[in-house]
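I have placed the structure first, in the form of C-alpha cells, so that the comments after it can refer back to it.
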C-alpha cells in the first residue's frame, strides 16, 4: 500500500499531521468529529475549504490543542478559507473602534 501524499504547505497536509500527532487515525477522528471519512479526506486533499468556525472549535476541543496550537490551527484554517482567523473576527466584532484604528494604520 502506498502512502498518500498531501500537498505540502496546505491546510490539508497540516491537518493530517496534526491528527496523527494527537494519536488519532483518520477514520477514528472522522467518527469522533461526526463527519464522513469522505468529507475529511476532501479537506485533507484541499478539494473543499477547511472546516467552518463552529467545526474548528469542535476540532480544537477534540485534539485538546494548547493555546499556541489553537492559534496556529485558526490561522492555517483561515488562510485556507480566505478569511480572517475566528479570534480576530471576534475581537473586531467586540471592539468596533479597533477597525478604524486598523484602517488608519493601513493608510500609513
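A few remarks follow.
- Taken over segment 45-62, the criterion of being under 11 Å from the mean Cα position of the chain (by Cα) and either modelled with pLDDT under 95 or not in a loop (DSSP other than H, G, I, E, B) (or both) is satisfied by 52, 53, 54, 55, 56, 57, 58, 59, 60.
- The condition of being out of contact with any strand residue (DSSP E or B) (no Cβ under 8 Å at 6 or more places or on another chain) and without any contact (Cβ under 8 Å) to a residue 24 or more places away in the chain holds for residue 84.
- Inside segment 14-36, residues that are part of a helix (DSSP H, G or I), at pLDDT 95 or above and surrounded by 13 or more Cβ atoms within 10 Å (Cβ to Cβ) make up a count of 10.
- Out of 65, 40, sole residue that is in contact with a helix residue (DSSP H, G or I) (Cβ under 7 Å, 6 or more places away or on another chain) and part of a loop (DSSP other than H, G, I, E, B): 65
Residue-by-condition table, conditions (1) exposed (fewer than 15 other Cβ atoms within 10 Å of the Cβ); (2) out of contact with any helix residue (DSSP H, G or I) (no Cβ under 8 Å at 6 or more places or on another chain):
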position	(1), (2)
50	no, no
56	no, no
70	no, no
86	no, no
92	yes, no
99	yes, no
104	yes, yes
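The values are calculated or read from the model by the stated rules, or taken from the named source; none is laboratory data. Values in this document were obtained by computation on a predicted structure and should not be read as measured data. Note that we place each Cβ from the backbone using ideal geometry, even for glycine, and neighbour counts take in every protein chain shown.
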